[in-house]
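Taking it in order: structure first as structure tokens, then the write-up.
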Amino acid sequence: MTGGPSAIVRVVIADDHPMVREIVASACADHPGLDLVAQASTGAGAIAICRAHAPDVLVLDLALPDMSGFDVARLVKEENPLTKVLVLSARDDAEAVFETLRVQADGYLDKTSDVDTITAAIESVASGNEIYSDEHRRLATGKLRAVFDLARTALSERELEALSMIAEGLTTRQMATRMDLSEDSIESHIKGLYRKLGVRSRTQATARARELGIPI
Amino acid sequence: MHDKVNGSDIGVVLVEPLSMVRVGLGIWLSEEPGITVDAQAASADEALQKIAAMRRRTSGVVLVSLGLDGPNDAYWLIRSLRERFPTFVVLAIGANAEASSISRALFVGADGYVDKRVEPEEFLEGIRKAARGDLVVIGPPITMLGRLPGEIDRHSETAGVLTEREREVLATAADGETTKQIAERLGVRQRTVTTHLTHIYSKLGVNGRLAAVRAASKSGLIARVAHE
């Protein structure tokens with residue numbers, strides 16, 4: 001926010017749902033301190049608008065039709081470090097919250113939030129606060145732990161691939177085909193990864209993969 | 001005063017080289033109901049000795065100051081604690097630590113980071129949450145959590161490196177010594193040598209001594225073996 005405390009907060013909304021854009025538009029219209037500068041319904045549109053207008057706050061839907069909301073957030077943050085990004089999401093899982101933090105978004109709001117909540121959140125992030133609930137923090141630190149546990153296993157790319165396939169339920173032969181390696185080679189990777197994980201069977205390896213948050 | 005160690009009491013071990021900070025933090029924590037200061041140490045070695053000597057308690061929260069430096073620094077201690085005393089929760093404590101430091105602490109096994117500059121109640125809440133099993137990062141803004149994974153690649157490289165001791169063991173093994181001879185040469189127990197070798201194999205991703213020596217001398221972790 002440039003200027004003194006009474007400066008207007010310039011807002012951009014990027015969401016492919018007209019209803020959500022309407023809610024944010026009326027929030028800004030009803031509030032003298034907020035000014036809706038532009039609306040976008042795609043990620044590309046959001047990026048272009050932010051480039052052109054350098055808003056104070058970008059209210060961003062994570063589920064845009066043309067690109068990942070995370071990529072939009074990351075790009076906008078890179079190009080406009082002063083722009084605060086307030087993410088709107090229908091997801092409440094650890095992965096979504098964590099990825100939102102990875103792209104350094106300033107806040108995370110549920111899509112079904114009412115006008116007053118959204119208004120207050122826009123003002124709050126504009127003043128430099130972060131909008132994440134205790135539950136979000138709890139989800140994020142849980143995910144962070146899994147990220148570090150995985151890093152500590154020091155699994156190689158190949159071993160990670162193999163583990164992911166084991167968790168998927170593929171046989172050694174199927175894995176050999178997928179990875180374009182001999183079955184012996186696969187067995188060797190599997191042995192190595194069992195040792196690093198401290199497991200003895202595919203079942204145990206699969207369970208461990210889940211704990212480590214490995215995408216299957 | 002320590003007689004009534006009831007079940008819900010959190011035992012804290014404080015490792016801080018700055019005397020006044022250690023003394024002050026120790027006194028304040030001791031006065032907090034529900035917290036008992038089991039031991040204080042000014043160095044990593046002292047901390048390990050005292051924890052090893054603790055009989056009454058086999059778990060608790062160890063606060064490790066990132067200010068510990070030297071060959072046995074904070075990260076060395078955190079890693080050692082995780083290996084030797086896995087039932088203890090380990091928290092790195094610092095003053096406005098960088099993302100890379102916090103990330104490294106977590107990577108070597110810390111259960112969290114608490115900044116010394118937060119309000120006392122926040123500090124205590126951090127200890128309590130960690131004691132319950134949560135990973136905590138208290139002090140930095142929540143967006144710091146998102147920056148920590150990005151720092152990991154840097155630490156992975158150093159994770160493959162062997163410790164002083166491990167290098168000694170492996171270098172001695174490279175001379176063709178048996179476990180017994182290595183133990184005698186280094187003045188430790190045979191079981192210690194076996195443990196070191198297990199860690200070495202794991203770090204280098206190999207199965208046996210010969211492979212370990214080859215891998216280590218190839219990447220310069222030990223001096224090149226003459227007859228290779």
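Look at A:Arg102 and say whether it is of a type in the set (D, E, K, R), over 15 Å from A:Val12 (Cα atoms) and at pLDDT 95 or above. Yes, satisfied.
Considered as a group, the residues in region B:91-102 that are in contact with a Lys or Arg (Cβ under 8 Å, 6 or more places away or on another chain), more than 13 Å from chain A (Cβ to nearest Cβ) and not in a strand (DSSP E or B) include one that is surrounded by the fewest Cβ atoms within 10 Å (Cβ to Cβ), and that residue is B:Asn96. Checked against (1) in contact (Cβ under 8 Å) with a residue 12 or more places away in the chain; (2) surrounded by 16 or more Cβ atoms within 10 Å (Cβ to Cβ); (3) within 14 Å of chain B (Cβ to nearest Cβ); (4) not acidic (Asp, Glu), A:Arg137 passes all but a single condition, namely (1). Looking only at region A:198-210, decide whether some residue is closer than 30 Å to A:Gln104 by Cα and either touching a Lys or Arg at 6+ places or on another chain (Cβ under 6 Å) or assigned to a loop (DSSP other than H, G, I, E, B) (or both). Checked region A:198-210: no residue is closer than 30 Å to A:Gln104 by Cα and either touching a Lys or Arg at 6+ places or on another chain (Cβ under 6 Å) or assigned to a loop (DSSP other than H, G, I, E, B) (or both).
Being in a helix (DSSP H, G or I) and β-branched (Val, Ile, Thr), is that true of even one residue in region B:35-57? Within region B:35-57, one or more residues are in a helix (DSSP H, G or I) and β-branched (Val, Ile, Thr).
Would it be correct to say that A:Glu130 is modelled with pLDDT under 95 and under 25 Å from B:Gly150 (Cβ atoms)? In short, no. Any chance region B:64-72 includes a residue that's of a type in the set (A, V, I, L, M) and over 14 Å from the mean Cα position of the chain (by Cα)? There is no residue in region B:64-72 that is of a type in the set (A, V, I, L, M) and over 14 Å from the mean Cα position of the chain (by Cα). When region B:129-156 is filtered for residues that are part of a helix (DSSP H, G or I), more than 10 Å from chain A (Cβ to nearest Cβ) and loosely packed, with under 15 Cβ neighbours inside 10 Å, only B:Arg154 remains. Quick one: would you say B:Ile142 is in contact with a Lys or Arg (Cβ under 8 Å, 6 or more places away or on another chain) and modelled with pLDDT of 95 or more? Yes. Looking only at helices (runs of 4 or more DSSP H) that lie completely in region A:23-124, which have at least 2 residues being over 26 Å from B:Gly150 (Cα atoms) and more than 14 Å from every other protein chain (Cβ to nearest Cβ)? So the answer is A:43-53. Residue check: A:Asn129 meets all listed conditions (1) more than 14 Å from chain B (Cβ to nearest Cβ); (2) free of Cβ contacts under 8 Å to residues at least 24 places away in the same chain but one, namely (1). Any residue at all in region B:59-74 that's under 23 Å from B:Lys116 (Cα atoms) and part of a helix (DSSP H, G or I)? Yes, some residue in region B:59-74 is under 23 Å from B:Lys116 (Cα atoms) and part of a helix (DSSP H, G or I). On the stretch given as region B:190-207, residues that are modelled with pLDDT of 85 or more and more than 22 Å from the chain's Cα centre (by Cα) total 1.
Does region B:103-111 contain at least one residue that is of a type outside the set (Phe, Trp, Tyr), away from chain A (no Cβ under 12 Å) and in contact with a helix residue (DSSP H, G or I) (Cβ under 8 Å, 6 or more places away or on another chain)? The answer is no, given that none of the residues of region B:103-111 is of a type outside the set (Phe, Trp, Tyr), away from chain A (no Cβ under 12 Å) and in contact with a helix residue (DSSP H, G or I) (Cβ under 8 Å, 6 or more places away or on another chain). Close Cβ contacts (under 7 Å, 6 or more residues apart or on different chains) running from residues in region B:164-183 that are among the hydroxyl-bearing types (Ser, Thr, Tyr) to residues that are modelled with pLDDT of 85 or more and surrounded by fewer than 18 Cβ atoms within 10 Å (Cβ to Cβ) comprise B:Thr179/B:Gln190; B:Thr179/B:Thr194.
For region A:142-175, give me each residue that is within 14 Å of chain B (Cβ to nearest Cβ) and not in a helix (DSSP H, G or I). A:Ala154, A:Leu155, A:Ser156, listed by residue number. Taken over region B:33-59, residues that are crowded, with 16+ Cβ neighbours inside 10 Å and closer than 25 Å to B:Gly133 by Cα amount to 13.
The values are calculated or read from the model by the stated rules, or taken from the named source; none is laboratory data. Only a predicted model underlies this, so the values are computations on that prediction, with no experimental measurement involved. In this analysis, Cβ positions are derived from the backbone assuming ideal geometry, glycine residues included, and neighbour counts consider all displayed protein chains.
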